[in-house]
Every structure is written in structure tokens, then in C-alpha cells.
Amino acid sequence: MDQKKIGQFIKELRKEKGITQEQLAEKLKVSGRTVSRWETGSNMPDISLLVEIADFFDVDVRELIEGERKSEMMNEELKEIATKMADYADAEKGKLLKRIQIISFVGVIISILSIGWQSFVSSSKDTYEFRLSMLISFIILVIMAVITLYVTGLLEKIVKNKRLLLGVKIVTIASLIIAAWRVIIITIFAGILIWMVNDAEIEVYEDVSKYNEYMNFSNGAYEPGVDTIWTKCGMDETIWPAEITDSMDVADFKMVYYNPWDEQYLGYLVVDYSSEDYAREVERLKDYNSTEYIGYYDVKEEKTYDLLAVNADSYNGFVYALTDGKGRIIYAEQIFCNYFMDLEYNEYIPQEYLLDGFNATTESNYYKQEHSTDSL
């Protein structure tokens, strides 16, 4: 059986009739795309349509199947067989349709029961996860309802009745809004936050001559060129030098500011001191009232360098000073909130300047522990 030949034959018959693919499709109650597939040979007409197509084009079924006209007509016996085959195919389709209808009705009932069960039994109705679950359940219910209407033939009647169709659309949209208004608000809020993150710039400053503008020694310091005070979450930065003097040999300096929705600061200052100044600075730092720091953000006991002073906060991070014991002192800080940094801090500070084990990502054990505690 040559599908392309049959398709070309149907196309020739259609053109002889002077009708379009859409007109033929309407006559046979199929889609225009289906007719196009017949004519290109990519698909064959359903067996139940063969007799109807043959009658419409005034050819016999055998001519249609062979894709060309024959001088003799199909005898009545052959036509009767083809008709019985079509009836048999329709009967098989009918059985399948009934099964689909039953499955669809059961699906709708289960969806309704599921929504009802979640509404009356769930003990966490005010959570985002519950509202999202309810929205998904409602969408599944709508999908199952549409499938049920389609297989029962009611959907076609609704579509033809414009007023009824409009009413169904209004009710469906209103129901979705009612069911999902909190989810929609949260989604919009999340979208705004994402936009803020994408829009926020990471500002990097390396001009040590403006050192005091970056620091928080007296109730806030100023961001260069902006009238905004850097409060730095109230962290005490007096571990760092009060000023940069001419006698200090600054080997490296960097201050990073990032504010996607919460301010975050990252900085370090590396100074090589003369032996006399080094001794004086070490004494000052050892006199500082350091806080406990081990365990915060997975930090372990510092062994890469000697830790001279540290101001650690379980929520806002660290300010500290390290030394190599040979005249170099490294001052560093990582100040943030919510138990993690959005900033990719490893790109801006050498690993050795961080406290051993420091992990301010959402993958840290500290972050998981604190969020687990907050949810209780």
C-alpha cells in the first residue's frame, strides 16, 4: 500500500471538487491538519472514514486504497465488507471512549477528595508549601475536568455556546485567583527580590587612602560618593587600625560592598610592620576582649595563622586579625546576615585570609542547623 500515492489521489480528488483542505475537513469532521497529513502521505485516513471519503468523491473504496481510478466499480460484497469493518472500528473506539470517560470521572472525584482532605486535615495551612500544594491540586482538578468534558462531548457544546464558554472562563479564572492569591503575592515578591539581586552591583574599593570612609569606628562610616551610612550591622571594627599612618607598609587592601536586599561587607588589610610597631600592635590586639568564634559558620580553631583578636557574631559574621609572627598582620572581616552570604566571597579574598573552615554558603552545616532550629 503506497501512502504517498493514496495521499496524492485524495489531493487530486479534492481539487477536482474545487474545495480547500479546511472544507474537506469540515465535511468529514476532522481537522485541516489531518487532511494535510493524508495528502502528504504521512498519515492514512481512519478505516471508518474510507467509505465516507469514497462516497464523497464518488469513487469506490478499492480505488481509494490503490490510489488510482479503476474502470470497474467495487462490487457490492466488497463494499459491504468495508462498511462492516468501519462499524467494527467504531465499536472498538466506543469501548475505549467509555473506559476513558470512567477514568476521567474517577480522576475528578479523587482530585476533589484530595483538595478537601488537605483543607480540613492539614495542620500547616499557613505555610507557603501548603498553599502551593493546594494550587497544584486545583490545577490538576481543572485539567481532569476539561478532559472529562472533552471525552463526554460536553466540551464541544460548551465551546459552541459563547455565553456559557465565557461563564466557564470567568468562574475558572476567579477560582484560580481565590485559590492562589497568597501564592501569587509571594511569587511576585520573590520576583522583585530576584530582580533586586540581578540589579545590585558588587562594589570593590582598593584605594587605601579612603580607608576611614569604609570603616565603622564612630557610629557608621560613609560609602564613597553616597550619603548612605555603612552601619555594618553594628559590628565592632576596632580590631582594625584606627587609621593608616605613613609608617605602615600596606601590602594589600580591599573592601567589597554588596546589597542585593541585605547589606554585605567583605574586606581585608595586610600590613607589614617594623619590629617595634609590630610588637606594639600585637600587644594592642591581645588586649582586645575577643569573643568565642569556633563553630560559627563551620569555623574551626585557627591554625593557618596566629589569631590575635576576633569579634564573632552568630548571626552577622566576623571581624578579626591574624599574624604570621614575622611582622605581618592581616585584618579581615566578613559581615552579613541571614546565616549566609550572597556574595561569592572566595572570588574577592584569598582563602588563607579566611578563618579555617569558614563556610558562609547555604550548604554549610551551620546554615542548615540554624534554619532547622528556626523552623521548630
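Applying the Karplus relation 6.51 cos²θ - 1.76 cosθ + 1.60 with θ = phi - 60° to the range 241-257 yields 3J(HN,Hα) values of x, 5, 7, 9, 9, 5, 7, 8, 9, 7, 7, 6, 7, 7, 10, 10, 10 Hz, where x marks Gly and Pro.
If you add up the charges near SER314, with Lys and Arg at +1 and Asp and Glu at -1, over every other residue whose beta carbon is less than 10 angstrom from its beta carbon, what do you get? Net local charge, SER314 excluded: -3. Shape class for the range 1-76, computed from the alpha carbon gyration tensor (a ≥ b ≥ c): prolate, with a/c not under 1.5 and a/b above b/c. Here the Karplus relation 6.51 cos²θ - 1.76 cosθ + 1.60, evaluated at θ = phi - 60°, turns the backbone of the range 357-362 into coupling constants of x, 3, 9, 10, 9, 6 Hz, with x for every Gly and Pro. Loop-resident trypsin sites (Lys or Arg not before Pro) (DSSP state other than H, G, I, E or B) in the range 29-71 with no more than 15 further Cβ atoms inside 10 Å of their Cβ: LYS29, ARG69, LYS70.
Rounded to the nearest 10 square angstrom, TYR257 shows an accessible area of 20 square angstrom against a 1.4 Å probe.
The Cβ shell under 14 Å around THR40 holds other residues with a net charge of +3, Lys and Arg each +1, Asp and Glu each -1.
Set the Cα radius of gyration of the range 311-376 against 2.2 N^0.38 Å, with N its number of residues, and you get 1.25. What separates the Cα centres of the range 242-260 and the range 1-54 is a distance of 80 Å.
Taking a Cβ cut-off of under 14 Å around SER274, the surrounding Lys, Arg, Asp and Glu residues balance to a net charge of -3, with basic ones at +1 and acidic ones at -1.
Evaluated on the range 254-376, the Kirkwood hydrodynamic radius is 15.2 Å, with distances taken between all distinct Cα atoms.
Close amide-amide hydrogen proximity is noted between SER290 and VAL310, each under 5 Å apart and 5 or more residues distant or on a separate chain (H modeled in the peptide plane; Pro and chain starts excluded).
Listed cross-link partners LYS286/LYS368; LYS4/LYS29; LYS27/LYS70; LYS254/LYS368; LYS5/LYS27; LYS210/LYS300 are compared with a 27 Å cut-off, the Cα-Cα value being larger for LYS286/LYS368; LYS254/LYS368; LYS210/LYS300. Value of Rg to Rh for the range 240-320, rounded to two decimals, is 0.99; Kirkwood radius and Rg both from alpha-carbon coordinates.
The values are calculated or read from the model by the stated rules, or taken from the named source; none is laboratory data. It should be emphasised that the depicted structure is a prediction, and the values quoted were computed from it without experimental measurement. Here the Cβ is made from the backbone with ideal geometry for all residues, glycine too, and neighbour counts use every protein chain on show. These accessible areas exclude ligands, DNA and RNA; they are computed on the full protein's heavy atoms, side chains included. Shrake-Rupley method; radii C 1.70, N 1.55, O 1.52, S 1.80 Å.
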